[in-house]
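What follows is a short report on a single structure.
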Amino acid sequence: MSGRILFWSERFWPTIGGVGLSSARLLPALQARGWEFVVVTLKENADLPEEDTFHGMRVCRWPFWTAVSSKDPFQMLSLRKRVAALKREFAPDLIHIDFLGSSVLFHEQTKDAHPAPVLVSTDSAFLEDAVGRDSLAGRTLLSADWVTCVSQLHLAAMRKAMPEIIPRSSCVYKGRRPPDIEPGKPPASPRILCLGRLVQSKGFDLALSAFASISSRYTDLRLIIGGDGPDRPELERQIEALGLQGRVDMLGWVDPDDVPGLMSSATLILIPSRSDGLPNVAKEAGLMARPVIATRVGGLPEVIDHGQTGLIIDPGDASALTDSVTYLLDHPDEAAEMGRRARTRVSRIFDFDTYVTAYENLYEMLAAEGRRRAI
């Protein structure tokens, strides 16, 4: 079976971050299996066109946030009309909302333009907002025909908050394809890598504090931070205040194609998040046979088997982070073995084809139900 999917997400390629990258891999794979897509997303960058294509798919990048924040009734009415016209023209068999944000208001206000089943995929970063039953996100979840969560932990939390979704919800892990390159040997001089959006929730300031406390012990140790975001100036000030100039490399945005090679050049990966979902970095590190030190937040304990494929610590605990880094640096053979086990574990649990098939099965089930309703 195949059909037409209206894919609604506040973030989509080339917007950086795990949500955009995951959908940029998932949709072409489903398209190759016969599914047709139109993407509706938020226009975050003024340089990007409102109408675009991605792998032959139509992308509508519209200024939803501008309209909502300005409360301009004419702009909001204009966007509602555009969304309604798109729904009538495309006539989707299913609407897949992949990222709950303010733009979903325009979906909710145009439901009657073309009734179709709704699949909502949730990410932990928005879990607290989503479980407010009277919030826009909460109402969207409660009315959805199916809800998927990125981890078992978040699925359990969502079901506890909204018992109504128990029979129509599931966990779908976002799978990853193995990279084209094989993992290399750990570098002769130890290198620690942090990779992600530079925001407070990622905890990169804690990585800097931990690095500062051990930098005099490991004189050839370097910390590499890959990514960009609003916290970059503050992190640069922290580097200077800690006297770490010349020991920390701030790479800025890293092309996804360059991530495997960057990880292969590292000794270990740090994910010191204060809050998170199930970040791609943890899976990518495993595929490159690198041990991960991560916090006990979100779905990270579902990727990392503590003591076997990496180490799990409490969020915000810079001392535990320091001790964990020291342990792996002092036990390189054990760290390398953790990396090898991580590669096996991630390849098994986060298989890309399994991920694509899980969504294809949901699409088929929900689209068929929608067609039955229309008869």
Using the heavy atoms of the protein chains and a 1.4 angstrom probe, tell me the accessible area per residue for region 14-159 in square angstrom.
42
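Could you calculate the FRET efficiency of residue 333 with residue 274 from 1/(1 + (r/R0)^6), where r is the beta carbon distance between them and R0 is 25 Å, rounded to 0.05? Don't skip to the end; give the middle numbers.
Working: r = 32 Å, r/R0 = 1.26.
About 0.20, to the nearest 0.05.
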Rg(Cα)/(2.2 N^0.38 Å) for region 283-375, N = residue count:
1.53
Rounded to the nearest percent, how much of the accessible area of region 296-375 (1.4 Å probe, protein heavy atoms only) is carbon and sulfur?
50
Between residue 177 and residue 4, what is the label-point separation in nm under the 7 Å Cα-to-beta-carbon projection?
2.8
Sort the following peptides by mean Cβ neighbour count (other Cβ atoms within 10 Å, averaged over residues), highest first: 292-298, 262-268.
292-298, 262-268
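Give me the percent of accessible area attributable to carbon and sulfur for region 163-263, probe 1.4 angstrom.
Numbers: 2530 of 5000 Å².
On region 163-263, the fraction of accessible area on carbon and sulfur atoms equals 51 percent.
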Contour minus end-to-end for residue 317 and residue 250, with contour as 0.36 nm per residue of separation and end-to-end as the Cα-Cα distance?
21.8 nm
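R0 = 35 Å: FRET efficiency of residue 352 with residue 85, Cβ-based, nearest 0.05?
Working: r = 35 Å, r/R0 = 1.00.
Calculated value: 0.50.
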Cα→Cβ-extended label distance, 7 Å offset, between residue 43 and residue 361, nm
4.0
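Taking the Cα centre of the chain as the origin, how large is its charge dipole in debye, to the nearest 20, when only Lys and Arg (+1) and Asp and Glu (-1) carry charge on their Cβ atoms?
Working: 43 positive and 48 negative charges, 182 e Å.
About 880 debye.
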quick note, region 6-138, DSSP beta bridge pairs, % antiparallel (nearest 5) is 20
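I'd like the FRET efficiency for residue 52 and residue 214, computed as 1/(1 + (r/R0)^6) with the beta carbon distance as r and R0 of 45 Å, rounded to 0.05. Display every interim value, and only then the final one.
Details: r = 46 Å, r/R0 = 1.03.
Between residue 52 and residue 214 the formula returns 0.45.
For the chain, what is Rg from Cα atoms divided by 2.2 N^0.38 Å, rounded to two decimals?
Values: Rg = 21.7 Å, N = 375, 2.2 N^0.38 = 20.9 Å.
Ratio of Cα Rg to 2.2 N^0.38 Å: 1.04.
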Please work out the average accessible area per residue across region 308-373, using the 1.4 Å probe convention, and give it in Å².
47
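Counting DSSP beta bridges in the chain, what percent are antiparallel, to the nearest 5?
Numbers: 4 of 50 bridges.
About 10 percent, rounded to the nearest 5.
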Need the C-alpha centroid separation for region 1-43 versus region 152-194, integer Å.
19
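The values are calculated or read from the model by the stated rules, or taken from the named source; none is laboratory data. This one's a predicted model, so the numbers in the text were calculated from it and none came from an experiment. Heads up, the Cβs are rebuilt from the backbone with ideal geometry, glycines too, and the neighbour counts pull from every protein chain shown. Heads up: the accessible areas ignore ligands, DNA and RNA and are worked out on the full protein's heavy atoms, side chains in. Shrake-Rupley method; radii C 1.70, N 1.55, O 1.52, S 1.80 Å.
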